[in-house]
Amino acid sequence: MTASPLISFLALAFTGSTLLATLTQCGNGNAQSSGVQLVTQDPAPADLLPPADRIKILVSGEMQGRLEPCGCASGQSGGLARRMQHIGEQRNYDLLLEGGDLIDGATPLDSLKLMAASEVLFLMGKYDALGVGPKDLLLSREDWNLFLTGAPVVASNLTCTDPAWPAKPFLEKDVRGIKVRVASFLLNLPESVRGKDSTIQMVPTATAWTNALAGADAATRRIVMLHGSDTEIRALIPQLQPAPDLVVGVDPGYIEPSPVPTKVGGVPLVFTGTRGRVLLDVWLHRDANGPQAVCELVPLAGSKTVVGGGGDPQVKDRILAHRHEVKAEDLLTKMARQLPTANGAAYVGTNTCRTCHPTAYEAWAKTKHAHAWQTLVDGENDPKRYGWPVTAYPDCVSCHVVGYREQTGFLSFEDTPQLANVACERCHGAGSDHMAAPAKNKLGLIGGVAPSLLCTQCHDYEQSPTFLYGEKWPQIEHSCEPNQKTKK
Amino acid sequence: MRSCALLVLLFASCRGDATPPNTPQNPNAQQAPLTLEHDFGIIPHGESRQHEFVLDLARLGEPYVPMRVHIDCACGHADLRLRKADGSERFVDSSGAASNRPADDETLVLRIVIDSATREALDLPHTQSRGYVLLQHTADMTGNERIQWPMLLRFGIDAPILLRPLATLDFGRVPLSSRGHLVTTLRGDGRHTNATIGPATSSDPSLTLELVRQEDHWLLRATCQPTDLGNRRATITVGNTIVGYKLEIAATWKVVPDLEAVPMAKVSFKAPLAREQLAEESVRQFVMVTDYDVRRAAEFAVHKIVADDGRDLTTHFAITFQAMPENARQHRMFVRYTGGLTEGIRGAIVLTKDGERGPFLPIELVVFAAK
């Protein structure tokens, strides 16, 4: 991707400034608002006061490219705009931690998402540390380095031969006289960056932990973000000596953080959750029994009556700019037809299917699936709903057409109108082989997956929180023609 | 086999089995069949409802450890707890450790709370929401073969006062020179047509309210006066005569300066110091500046360009402004080096709107010498 002026601007703006600014401009040292200092007429007993060394941390991670809720369903939670509004309202965080996996792949769209997210978190916001997750490493190193140069990236057990690699083995911040050291471990490298020839190599855990704590005294608070499955994370914690004060688990299978931290070998363990729907406040302090953590969930609820669902107006503008950038760069077309079809055949379009399956076609034509593209168009034209080019945004389009990103699949409404809408081949697979030899190449469901799992590729817990296969199937039910056998 | 168990559980959740019977330990806790399903009914807005399922792990046929619970709806919360007959409890800690299996004198309770107060004061039709309990087989050391025990919840929300068009007041940006104004209407719904509404109070003194009675509704005028810069939130409490109903409306805004640079007030670039930059060399050296003072046309002027050591740098840089076509109040401020320096500098470009009277917008300027 050609670096745009804005990209270059960002890279320059980051250089040599953000890290220092992040580590020194706490801006959160308001003792009164952070709850450290209580003003009462009669001094409270010492054991009722919050610990003086209490640190307030905001934890999140696994954003997976969700800059904001997609808007398919009303009332979706999360999003960077609401997050930054919340941070701005609180004004008393000592440490802002983002676990990593800001994006979900290696497409040009992921590059633009990373640019927007890093600008929001590190330029408009003052995040203190960003861990490195496996998905982050999928992106081209050039883009990744460019967008995160100067950002507070930490990867304690990774080394990279690329001189522009932005990650540090640790980050340290002074919180009201308390030193806080932040480390991050990736427990499994993605396959694409493994091997002796890879520019990225893993450092043994013990060595990496020692390096991350180099020069830190016993009073320094030790926080480590661990990227892996919760089982792997729990297994690793006892190996970290001296023990951390807090472990932040970043596990893509852990959908929402728990308000109850668990302890592994006396170390508090919390999880970030995914997609940034719910954040986690953590108050961390030490007492005679070691580190103690108290947590509280921060739901980022939306609004049904506020256009865009509310949130920091400047972040909303930045994300809106991202939406327009995606259209300006025509990523919809650039990302189309990059992958093979699941069954190796070519898409033929609904009208071709109709010739032999008129009954099924008639049933389908009465469903919302048959108008899925128009739903996007309507949403785009409704300023209260979106107000940005939804029909040019790959994430949105992929659930409203047939075969987007696959060879012979949807390209654009103008070029491939027969593949607009959620039509036959979206569930049954590309039909050219079947058309050539119907008896030999029977179509079932793509990959033979269970129907509900196929549906939830789009109707997932966020996009369609009320979706139940058993209730929805009757609305789209269609069968083979009377003279054709029903496949069991 | 475990995958089969998952599927069985998954599909079982889609059927409308009857609500399970009570258990002796807790009259509210219910012995669940494999289908975890509960209808909370219509919840009055502002109230919460709680339901407990007793999960009998023996019914899964194989030894599973409960780990955690997920529900899709944003206003719900669920947890897993192990409860003794005397009422004492401990929480399942999500580790998958065998200690999270109920002891002989414990029952595993799934507790679900739907708190309608976390939502806007709007009606929600009776709807369903999914969720699941995550369990791990005791022989599974990797966590790769977990199963989900699904649940189905139904509920709706009834807000007795209709708020139109806004149930949340989001003022967006409020520049220092201005005030934010929003208006919404309130009236009792069809079952509360005689409700009287008022007074309205704000948790933040910088948000003032005026509640005016109209013919058949009330008009709420909210005005926020900018104070300190940054994001703000207030809660508006609206009194009313509906028994037991407390109406709260969230209000948010962000106070911004009249002049602002985004994404940050900084321009930095490399330039060959021995010569003047060509125009095409400076196309990427810009920052977006916005004038929010709507009392006058957007305007920007350079007040001064100074180095950190106080030197006047005005002769070394040319500053130009270009209005953004889609937003007349926003301009791109381009910086071009015009020569005369012998080493890189750090300083500031200070913009003004009204000469010496300001307001002023300092934009950090960093120039590195290109090799």
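The condition of being buried (at least 16 other Cβ atoms within 10 Å of the Cβ), free of Cβ contacts under 8 Å to residues at least 40 places away in the same chain and part of a loop (DSSP other than H, G, I, E, B) does not hold for A:Phe410.
Yes/no per residue for (1) free of Cβ contacts under 8 Å to residues at least 24 places away in the same chain; (2) in a strand (DSSP E or B):
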site: B:Arg130; (1), (2): no, yes
site: B:Met141; (1), (2): yes, no
site: B:Ala167; (1), (2): no, no
site: B:Arg173; (1), (2): no, yes
site: B:His181; (1), (2): no, yes
site: B:His192; (1), (2): no, no
site: B:Leu209; (1), (2): no, yes
site: B:Glu215; (1), (2): yes, no
site: B:Ala222; (1), (2): no, yes
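In region B:209-226, which residue that is more than 23 Å from B:Glu120 (Cα to Cα) and in contact with a Leu (Cβ under 9 Å, 6 or more places away or on another chain) is surrounded by the most Cβ atoms within 10 Å (Cβ to Cβ)? Selected residue: B:Pro226.
The residues of region A:231-258 that are within 14 Å of chain B (Cβ to nearest Cβ), touching a strand residue (DSSP E or B) at 6+ places or on another chain (Cβ under 7 Å) and not in a helix (DSSP H, G or I), listed by number, are A:Val247, A:Gly249, A:Asp251, A:Tyr254, A:Ile255, A:Glu256, A:Pro257, A:Ser258.
Checked against (1) at pLDDT below 95; (2) in a loop (DSSP other than H, G, I, E, B); (3) of a type in the set (Lys, Arg), B:Lys270 meets all criteria but (2). Residues to consider are A:Val175, A:Val203, A:Val182, A:Val193; find the one that is surrounded by fewer than 24 Cβ atoms within 10 Å (Cβ to Cβ), hydrophobic (A, V, I, L, M, F, W, C) and closer than 20 Å to A:Gln239 by Cα. After ruling out the rest, the residue left standing is A:Val203. Comparison of B:Gly239, B:Gly339 shows that the only residue that is small (Gly, Ala, Ser), assigned to a strand (DSSP E or B), surrounded by fewer than 18 Cβ atoms within 10 Å (Cβ to Cβ) and away from chain A (no Cβ under 14 Å) is B:Gly239.
When region A:463-479 is limited to residues that are in a loop (DSSP other than H, G, I, E, B) and more than 8 Å from every other protein chain (Cβ to nearest Cβ), the one that is farthest from A:Ile255 (Cα to Cα) turns out to be A:Ser479. Say whether the condition of being touching a Gly at 6+ places or on another chain (Cβ under 7 Å), surrounded by 14 or more Cβ atoms within 10 Å (Cβ to Cβ) and closer than 30 Å to B:Ser95 by Cβ is met by at least one residue in region B:171-191. The answer is no; no qualifying residue exists.
If only one of B:Arg90, B:Arg119, B:Arg179, B:Arg130 is closer than 30 Å to B:Thr290 by Cα and among the charged types (D, E, K, R), which one is it?
Working: B:Arg90 fails: closer than 30 Å to B:Thr290 by Cα; B:Arg119 fails: closer than 30 Å to B:Thr290 by Cα; B:Arg130 fails: closer than 30 Å to B:Thr290 by Cα.
Only one candidate passes the filter, namely B:Arg179.
If I filter region A:318-327 for residues that are of a type in the set (A, V, I, L, M), away from every other protein chain (no Cβ under 14 Å), in contact with a helix residue (DSSP H, G or I) (Cβ under 9 Å, 6 or more places away or on another chain) and over 30 Å from A:Asp433 (Cα atoms), do I get at least one hit? The answer is yes; a qualifying residue exists.
Exactly one residue out of B:Ala234, B:Ala261 is within 13 Å of chain A (Cβ to nearest Cβ), touching an Asp or Glu at 6+ places or on another chain (Cβ under 6 Å) and under 30 Å from B:Pro359 (Cβ atoms), and it is B:Ala234. Among the residues of region B:118-132, are any more than 9 Å from chain A (Cβ to nearest Cβ), out of contact with any Gly (no Cβ under 8 Å at 6 or more places or on another chain) and within 26 Å of B:Thr185 (Cα to Cα)? Scanning region B:118-132 turns up no residue that is more than 9 Å from chain A (Cβ to nearest Cβ), out of contact with any Gly (no Cβ under 8 Å at 6 or more places or on another chain) and within 26 Å of B:Thr185 (Cα to Cα). Scanning region B:267-280 for residues that are surrounded by fewer than 19 Cβ atoms within 10 Å (Cβ to Cβ) and within 12 Å of chain A (Cβ to nearest Cβ) gives B:Lys270, B:Glu280. When B:Gly87 is tested against (1) away from chain A (no Cβ under 12 Å); (2) crowded, with 22+ Cβ neighbours inside 10 Å; (3) farther than 17 Å from A:Pro257 by Cα, exactly one condition is not met: (2). Just to be sure, is B:Glu120 surrounded by 17 or more Cβ atoms within 10 Å (Cβ to Cβ), of a type in the set (D, E, K, R) and part of a loop (DSSP other than H, G, I, E, B)? Yes; evaluated as a whole, the condition is true for this residue. Identify, please: which residue in region B:342-364 is assigned to a strand (DSSP E or B) and within 12 Å of chain A (Cβ to nearest Cβ) and is, among those, surrounded by the fewest Cβ atoms within 10 Å (Cβ to Cβ)? Of everything passing the filter in region B:342-364, B:Arg346 is surrounded by the fewest Cβ atoms within 10 Å (Cβ to Cβ). Being surrounded by 14 or more Cβ atoms within 10 Å (Cβ to Cβ), within 21 Å of B:Pro362 (Cβ to Cβ) and modelled with pLDDT under 95 is not true of B:Arg284. Which residues, taken from region B:44-76, are away from chain A (no Cβ under 14 Å), of a type in the set (Lys, Arg) and part of a strand (DSSP E or B)? Across region B:44-76, the qualifying residue is only B:Arg49. Of the residues that sit in region B:90-107 and are outside any strand (DSSP E or B) and charged (D, E, K, R), which one is farthest from the other protein chains (Cβ to nearest Cβ)? Among those that are outside any strand (DSSP E or B) and charged (D, E, K, R), it is B:Asp104.
The values are calculated or read from the model by the stated rules, or taken from the named source; none is laboratory data. Because the structure is predicted, anything quoted here is derived from the model rather than measured. Here the Cβ is made from the backbone with ideal geometry for all residues, glycine too, and neighbour counts use every protein chain on show.
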